[in-house]
1. Looking only at the stretch 51-79, which residues are closer than 18 Å to residue 118 by Cα, in contact with a Phe, Trp or Tyr (Cβ under 8 Å, 6 or more places away or on another chain) and among the hydroxyl-bearing types (Ser, Thr, Tyr)?
2. Kindly check whether there is at least one residue in the stretch 126-135 that is without any contact (Cβ under 8 Å) to a residue 24 or more places away in the chain and either in contact with a Leu (Cβ under 9 Å, 6 or more places away or on another chain) or of a type outside the set (Ser, Thr, Tyr) (or both).
3. Looking at the stretch 162-183, which of its residues are under 12 Å from the mean Cα position of the chain (by Cα) and not in a strand (DSSP E or B)?
4. Residue by residue through the stretch 122-156, note down the ones that are under 14 Å from residue 52 (Cβ atoms) and β-branched (Val, Ile, Thr).
5. Of 124, 138, 115, which residue is over 13 Å from residue 78 (Cα atoms), buried (at least 18 other Cβ atoms within 10 Å of the Cβ) and not small (Gly, Ala, Ser)?
6. May I ask you to list the residues in the stretch 95-120 that are aliphatic (A, V, I, L, M) and more than 15 Å from residue 153 (Cβ to Cβ)?
7. Report the residue count in the stretch 58-86 for those that are part of a loop (DSSP other than H, G, I, E, B) and free of Cβ contacts under 8 Å to residues at least 40 places away in the same chain.
Amino acid sequence: MPRRPPTTPCTYKAVPEPVLAPSAELAKELGLPCLLPGASRLIIGRREWLALPDLGIWPLKAKTDTGALSSTLHAENIRLSPDGSTVHFTTFNPSGDPTHCSARVERLGRVRSSIGVSQQRIFIQTTALVCGGFQWKILVSLCNRSDMLCPLLLGRRALAGYFLIDPLGTHLLGPRRELIRCAKNFVRTPVGD
């Protein structure tokens, strides 16, 4: 019986390469999302500037968290419509000004917090936009994150297939002013369409 050669473990190498192209163009070139392990992805830091233009929210400081399965947006005064299909809530921009939002309810689900407390939350789907114009759909739960530094937490489901995270980096996709420029050019879809 012939002997099989020993298998060599596979190790992936991520080599940051600055590319003079907006994130939207680079994501298209890379064919994102890609669910294969070790495939090319956009590199983001532990914190990034994000916009949620469907909700009229930008700029928004987001924290990437691979320990969290789902994403969470800071929300206060959360109210469901009488038929339960729409949620109304208030969130705040970096200056502390309130933004009143409405969105279609995608589902209700239980989420376990980082301290192990499980609670029922409302999930909505919205568009996330980063500097350079790259956008993708994310599912976020709504809860009060007023004690947290970042009002948006991006969990594994939102990051998978699109990004690699550099835990030493922050705002690797671009500055806040670039995000504001990109968000102003976004065409918002009204709730119910």
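1. 70
2. no
3. 162
4. The answer is 124, 126, 127, 130, 138, 140.
5. 138
6. Those that are aliphatic (A, V, I, L, M) and more than 15 Å from residue 153 (Cβ to Cβ): 103, 105, 108, 117.
7. Looking only at that region, the number is 5.
Let's see how each residue does on (1) in contact with a Lys or Arg (Cβ under 6 Å, 6 or more places away or on another chain); (2) closer than 18 Å to residue 136 by Cβ; (3) surrounded by 10 or more Cβ atoms within 10 Å (Cβ to Cβ); (4) modelled with pLDDT of 95 or more:
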| residue | (1), (2), (3), (4) |
| --- | --- |
| 4 | no, no, no, no |
| 29 | no, yes, yes, no |
| 33 | no, yes, yes, no |
| 37 | no, no, no, no |
| 57 | no, yes, yes, no |
| 91 | no, no, yes, yes |
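The values are calculated or read from the model by the stated rules, or taken from the named source; none is laboratory data. None of these values were measured; they are calculated from a predicted model. Glycine gets a Cβ as well: all are built from the backbone with ideal geometry, and neighbour counts include every protein chain shown.
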